[in-house]
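The values are calculated or read from the model by the stated rules, or taken from the named source; none is laboratory data. These numbers were taken from a predicted model, which means no experiment stands behind them. Positions of Cβ are backbone-derived with ideal geometry, glycine not excepted, and every protein chain shown enters the neighbour counts. All accessible areas refer to the heavy atoms of the entire protein, side chains included, with ligands and DNA or RNA removed. Shrake-Rupley method; radii C 1.70, N 1.55, O 1.52, S 1.80 Å.
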Amino acid sequence: MPMDFQILDADYEIVDSSPVIRLFGRGADGKSVCCFVPDFEPYFYLKASGDLHAVARLIKDTFEQVKKVEIVEKFEPVGYQKTKIEMLRITTGLPRDVPEIRDEVLKIQNVLRAEGDWQVYESDILFRNRFLIDRDLGGMVWISADGKSVDPVRYLKAGSGGSSRCEKFACDASILGSELKRIENLTIAPLKYFSFDIECLPLDGGMPSPDVSPIVMISFSFEPEYKGHKTLILLAKPADGMNGDVLPCKDETEMLNRFFEIFCEYDPDIVAGYNHQDFDIPYITDRVKALTAKGEVINPVVGRDGSHIGYRRFGLITRTEVKGRVVVDALPLVRRAFSLKQYTLRAVSKELLNREKLDVPPLEMEEHWNDSGKKFLKFVDYARRDAELALELILDLRLLDKYIALAQVSGSLLQEIVDGGQTSMVETLLLREFGLRDRVILPKPGDELSAERYDMSSDLKGGEVLEPKKGLLENVLILDYKSLYPTIMMAHNLCYTTVVTRDRPGGETIKPPSGGEFVPPEVYRGIVPSILEDLLNQRGETKKRMRRTSDENEYRVLDATQLAIKILLNSFYGYSGYARARLYSLTLANAVTSFGRSNILNTRDLINSDIGKIVLRDSAALLLDEAGELSSQYRIVELSVAYGDTDSVFVHCRSQGDLSLEEVSLIGNRISKIVSASLPDPMELEFEAIAKRAVLIAKKRYALWLFEPRNSGWEDKIKVKGMETVRRDWCELTSITLNSVLELVLKEGDVDRAVEHVRKVVSDVRNLDPRKDTDIIEKLVLTRTLTRKTESYKNKQPHLTVAENLKKRTGVMPSIGTRIPFVIVAGKGLFVDRAEDPDYVREHNVPIDVDYYVKKQILPPVERILEVFGVNVSSLDFDSKQKGLFDFEAKKPEVKKQEKEKVSAQQKSKGTVQEEKVQCSEIGRVEQRSLFDF
DNA sequence: TGAAGCACCTAA
DNA sequence: TAAGTTAGGTGCTTCA
């Protein structure tokens, strides 16, 4: 009977001195499966010169690992080629033979004194990936495997000389697959998830070290439950009167053995945790080693094939692998998915789950552990909560959905996708498609070549950013190009395989503004453009199915799929300019961006000049007809591009009197149609939304009051880009204040109230009582990422100061990549030297530098906006010297109120925003005058 | 006093 | 066995 399952992981094992692929997965029936697939052989390609038959014979005779050398016809990786050339396909006995002999075969060239350049191809593809690519399988794909069931331990031992790794096998079922078929299934297998978290007893509250600091507790959280338990806590000591989910053990060794037993017995597909990739897993591994060295007996099996817990460190990065399962660390996933000020489990749980982490400070852990009453129970609950939170982050926030979809669409294994970036996905897709088109792919470049390319990359130019019409605008259309770079590549057949390098095609070529030449699709349809086209079609299809389905789960899977496809579509351009890519082409990357730049410039000119004006008549938008006479029932709308960045254009619509949202959207649709019609397929300018009001401050900095069509009505929201509200290196008070100002200015059109609000905030801060207002410190915290080692900084940095203080006080230096919170405290000297840890400031009542917050955090961003409205910004702050002039402040509200009433009356009578500008500047002056009068 | 350079973060 | 890309604003410090 064939067995259906979803592929979670793949690797190989040697049986009878031949490699056997192992596919690990979870079946629709809930059973974990291992499927053995023999008879797949490792190979790579060699481009050689001279008599290939002779070369082939020599290679076969020289290397005993080589099983077969064939002559095949292939295209080289880069450049348009009229014909294939002959290459050697070298098959070896074992996967590890490939890296071993790939350098050796190149030396044959010297032996033969052959001319030309020899080159190996596809010599560094992991064997499991080679298999998945060649068999059209991939991560999280459903397959139906036919074959007979086998005893995995006996099977692996047969003739392999006894692999020590297969004493124990943790799958529910194993089969020897004879036929594998990919099947369509829109569900996700009933995966088993668990998370775990360890608690160690550190010496003097510092960092625990696995040599000396014991692990005292391990907490689990399960989904679905394990033997009726949602959570489980293992203790490294005996204890009485514990809950059913607390398992006291004799000692640490027994606890660790229980941990591994539960690991295998539960048999999770997803091994979750928070920072466990960098901390818990390496710690357990090292601790087991330390205890074993002392003579303790621990059997640390975690893999589905009986393999042990372990990790590897590459520089700063730790990689852990658990055979047959997927290790998912919530920390990097949360980092990628959400822009937060801090990524401690505490901050993340609060922000995203609205749940509190419990806490036991490191210095008190020993006390809590040795207690037998409440404190001990608190410690247990603390451990339990940490495990729960890690799993909740992944499940409640559905963090894995996107990655599962990316695995399915790209064909890479889930673990690679969760761990890595876009590279592995793009390469998997390229390898598959190149293979089908008889084209080989280069190995990954070494450090030298990468460095060389990195230097060249400085002449890769990017997108075009149009100078914004700074200030306040009404009725702005937001349009953007749908998937600009991918559609450019499709429209112009831009590809590694179409760029003219050696062979010249007969007819015309495509010439991008950046230079270079590409053959048209009739001559050779580029591989990347066809991959993109395929992805684009898949995405359209997926979206169609989303509209059809009523099943909630299916909808979610489909939504994740279309999002994954979008990510993949946008990954190819970046990859082509990436110095460590297998296929790197500056000509290609530059062609894409240069078409992009000329496209947005053409669009601007088309809208400004060719369209220029649009005539609104009845309910239809028409182009202004030169000959046509216009009666009073027509309205002319003048169009001009107010801003644009890479793939977007903001079009300002001006006409006499108000324009309704419906009228503006008619214009938007019209522009979209006209511009799209002038472009090659599948490029398309899409009408996205209307900004009733827009404040453009600078390139990449603006705020919009947006209206988007939503089921037969309009939905409005404020969208802020690039300004301090969305930047994490400004304090919360800045973003709150700025948001209020933007809201008042954009939605209410009430600059006056915005000014008043700012004054209030400023005076609140100036009058801050640090002893009483400790909670406001929270709003004054700035954060910045520690991006490098101390010695690599050329200049002092505030967060570096704080990180070093932390190191002095606790002995622990925050690791690279950590966001460091800090506040600026009062005193003399440089800003960088006055940065301090907020906790320290709270505990020690250190005074805050109020003047800094007013002058450097609140005012500059607010001024940049209010200046646009002609507000005299010097009236916003009462300088610290004037703070003593209490009378003035007391009088202020009266003056304000009068002015405000006057203004709002005027506003009502005139109404448009243009006039407000004048009125507002008057307010500014009035205040200014009263200041002097006083 | 203002330009130059570093550092960070964001837009696309 | 680390890593998609460039464009651009702003603040702080140093130095001519």
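Return the distance in nm (one decimal) between the two label points of a simple spin-label model at residue A:555 and residue A:211, each offset 7 Å from Cα along Cα→Cβ.
Label-label distance for residue A:555 and residue A:211, simple model: 5.8 nm.
If you roll a 1.4 Å probe over chain A with all protein chains in place, what percent of the accessible area is carbon or sulfur?
Solvent-exposed carbon and sulfur of chain A make up 48 percent of the total.
Over the heavy atoms of residue A:211, what accessible area does a 1.4 Å probe trace out, to the nearest 10 Å²?
110
Excluding residues on the same chain fewer than 8 positions from residue A:772, give the lysines whose Cα lies under 19 Å from its Cα.
Excluding near neighbours in sequence, the set is A:760.
Would chain A count as rounded, prolate or oblate if I go by the C-alpha gyration tensor, calling it rounded below 1.5 in a/c and otherwise prolate when a/b exceeds b/c, oblate otherwise?
Note, shape of chain A comes out oblate.
Under a 1.4 angstrom probe, counting protein chains only, how are A:452, A:367 ranked by accessible area, largest first?
From most accessible down to least: A:452, A:367.
Where a Cα-Cα gap under 20 Å defines reach, which aspartates and glutamates qualify for residue A:699, not counting those fewer than 8 residues away within the same chain?
Of all the aspartates and glutamates, those that pass the test against residue A:699 - Cα under 20 Å, at least 8 places apart if same chain - are A:464, A:467, A:474, A:480, A:605, A:645, A:647, A:688, A:724, A:729, A:863, A:867.
Exceeding 31 Å between C-alpha atoms, which entries from my cross-link table qualify? They are A:192/A:566; A:543/A:717; A:47/A:157; A:68/A:566; A:482/A:855.
As for pairs spanning more than 31 Å Cα to Cα, those are A:47/A:157; A:68/A:566; A:482/A:855.
Once R0 is set to 60 Å, what does the formula 1/(1 + (r/R0)^6) return for the Cβ-Cβ distance between residue A:172 and residue A:106, expressed as a FRET efficiency to the nearest 0.05?
0.80
So for chain A, averaging the separation of alpha carbon pairs under 8 Å that are six or more residues apart and normalising by length, what relative contact order in percent results?
Computed value for chain A: 10 percent relative contact order.
Can you compute the modelled spin-label distance between residue A:718 and residue A:60, with each label point 7 Å from Cα toward Cβ, in nm?
It works out to 7.6 nm between the two label points.
Between the DSSP loop rule and a limit of at most 12 other Cβ atoms within 10 Å, which GluC sites (Glu not before Pro) in region A:90-129 are left?
In loop regions of region A:90-129 (DSSP not H, G, I, E or B), the sparsely surrounded GluC sites (Glu not before Pro) are A:115.
Give me the aspartates and glutamates in straight-line cross-link reach of residue A:544: C-alpha distance below 13 Å, same-chain residues under 8 apart excluded.
By straight Cα distance, residue A:544 reaches A:554, A:559.
Determine the alpha carbon to alpha carbon distance for each of A:31/A:444; A:747/A:779; A:250/A:323; A:289/A:807 and list only those over 27 Å.
A:31/A:444; A:250/A:323; A:289/A:807
Where in region A:784-866 are there chymotrypsin sites (Phe, Trp or Tyr not before Pro) that are in a DSSP coil and have at most 16 other Cβ atoms within 10 angstrom of their Cβ?
Passing both the DSSP loop test and the Cβ count: A:793.
Hey, for a label at residue A:299 modelled as a point 7 Å past Cα toward Cβ, could you say which residues of region A:267-292 have their backbone N under 11 Å away?
none
Bin width 10 Å, alpha-carbon pairs only: give the P(r) of region A:1-190 as whole percents, running from 0 to the bin holding the largest distance.
That works out to 9, 31, 27, 20, 12, 2, 0, in percent per bin.
First measure r as the distance between the Cβ atoms of residue A:617 and residue A:678, then evaluate 1/(1 + (r/R0)^6) with R0 = 25 Å and state the FRET efficiency to the nearest 0.05.
My answer for the efficiency is 0.60.
Once the other residues with Cβ under 14 Å from the Cβ of residue A:385 are scored (Lys, Arg +1; Asp, Glu -1), what is the net sum?
-2
Determine the per residue accessible area of chain A with all protein chains present and a 1.4 angstrom probe, expressed in square angstrom.
46
Report ³J(HN,Hα) in whole Hz for each residue of region A:266-282, in order, from the Karplus equation J = 6.51 cos²θ - 1.76 cosθ + 1.60 where θ = phi - 60°; Gly and Pro get x.
For region A:266-282, the Karplus-derived couplings read 5, 6, x, 8, 10, 9, 9, x, 10, 6, 6, 5, 8, 10, 4, 5, x Hz, x marking Gly and Pro.
Can you list the trypsin sites (Lys or Arg not before Pro) in region A:233-303 that are in a DSSP coil and have 14 or fewer other beta carbons within 10 angstrom?
Hits after loop and neighbour filter: A:250, A:294.
On full extension of the chain, what length is gained from residue A:566 through residue A:502, given 0.36 nm per residue of separation minus the C-alpha to C-alpha distance?
19.7 nm
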